[in-house]
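Chemist: Sending over a structure as structure tokens; questions will come in a sec.
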Amino acid sequence: MKLTMVVVTVIWAGVILSTLQWTIIAGGPAGVDTGTRVVTRCKGENLVLTEGNADVPSRVLVYRNDRLVASTFTNASRDLQRRLFVDAQSSVTLRNLSTSDLGVYRVEVTHSDGSSVISSMRLVVGEPPEITGSRLVVVSDTSDLSLIRLRCGAVTFLGFPPVSVIWRDPVGQLLASTGFSEQYFTLDLPVTLARPGRYSCHLDCRDPNDCCLDNQSPLRQWAQIDVQIDKMSSEDSVPLANFSSLVQRVKDLETAATSQDCGDSGVAAMAYLVHRQAKCDQLESFIDRLSAAENTIQNILQRPSYSGCPVDKGYVLYNKRCLKLYTIKQDYQTARRRCETDGAHLFNLKSRELDGPPLLLLLDTMGQELSSTLGQGLWIGADDTVTEGHFLWSDGTTLLRGSPLWSTGQPDDANGNEDCVEVAQPSNIVINDFTCSVKLGFVCQADIEMQ
Ligand SMILES: [Ca+2]
Ligand SMILES: [Ca+2]
């Protein structure tokens, strides 16, 4: 499933990176083909293939995948019947789009003066996701003592472009899903890091270009679950939710232990003493557990929050890294300043093992992938602009020339003009020194406090 998602998002990345506009350039008598543009619409929408012009009599031919499907003189037939219209003003409209409509459309408009315009577009038809029931549900799975797994779904079809699920923790921090299996997006919370309280999930479809989902769709609503966290794992653990009932229990035991209910006979007195001893032992055990529960509560109250990830600026926590991807390409210095405006810095990718997975998760979530070509990667926060050959990370620490992160033969300071560092993924994640003035996408990182 993961592989399928990656493949689909890669295709989609290609689509959104293409110009969505439909460019027409009037040509000479022979006509000019202006190249194929990609246009995306959602299923059920209408698409104007060409605007008409009532003032200039013209003849229109419409082709799909090089087959003539309609013209000024003939109505569309077969699957395009009563949906593809060429009207008297020579405008061409395709209504109520279905997924089978995707393909390359070419429209040839020949005017009465002999001039003509040829334009073509590749139509991509998006589809909304589908779920079981009318809205998302979220459930928790605590079968693993060290991990709370929240599951959000059930998504029977991810849609195209595929949606993902984003999570909100009890303090409003946004978290990316950590997986997807059996129709559910998952969020794994290590018990030691999780916060008790309300977690929510919803389909991550903030940009209308990202998925085909109506703004009013109930699928957009947050699904919520209250998570209680039991910090103790032994058999004597005391769920915090039971804290008040535990206090009551101790009070009851104290009352019982101090009551003076001596029987008349020796046997009764002995039975009373045994019973009382048992009660006292039980009381002690409960007091121990009560004090352990108090300590746990203190620890939770004193725990520093992993605050500082500026959610309001679009940063999201990926595996303990607070990151944001900028797809609009900038030269290195502009990218650096952009991050700084956010109170962040260019991403310090110091460890392939620790920083690589959050980077790939960020890209996957954004429907992007890391370029396999050096020179087309993403700017990260390292450069040798101060002293040639001495690379520094944006936090001032040294990036060694012998670091295993470098691609083979790098850094090479090609043409004596490569002082900034990009990340790419020919097979493994690698870094390369590159020309700072080249415009690349980039990743910003905000420093956050983890416990
Ligand atoms: Ca250099
Ligand atoms: Ca280089």
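Chemist: For a 23 Å ceiling on Cα separation, which of these pairs sit above it: K324/K350; K43/K329; K320/K350?
Modeler: K43/K329
Chemist: Please work out the Cα center distance from the stretch 341-409 to the stretch 110-151, rounded to the nearest Å.
Modeler: What the calculation gives is 31 Å, centre to centre.
Chemist: Separate question: For V86, what charge total do you get from the other residues with a beta carbon under 15 Å from its beta carbon, if Lys and Arg give +1 and Asp and Glu give -1?
Modeler: +3
Chemist: Moving to a separate point now. Fewest to most neighbouring Cβ within 10 Å: what's the order for H111, H390?
Modeler: Lowest to highest Cβ neighbour count: H390, H111.
Chemist: In terms of modelled amide H atoms, which long-range or inter-chain residues lie less than 5 Å from the amide H of A382?
Modeler: Amide H neighbours of A382: V421.
Chemist: Also, I was wondering about something else. Counting Lys +1, Arg +1, Asp -1, Glu -1, what net charge surrounds S77 among other residues with beta carbon under 14 Å of its beta carbon?
Modeler: Summing Lys and Arg as +1 and Asp and Glu as -1 gives +4.
Chemist: Enumerate the amide H contacts of A154 below 5 Å, restricted to partners 5 or more residues apart or on another chain; note that Pro and chain-start residues carry no placed amide H.
Modeler: The answer is T132, V137.
FYI, it's all coordinate maths here, none of it is from the lab. Remember, it's a predicted structure, so these values are computed and weren't measured experimentally. Cβ: placed from backbone, ideal geometry, glycine included. Neighbour counts: every protein chain shown.
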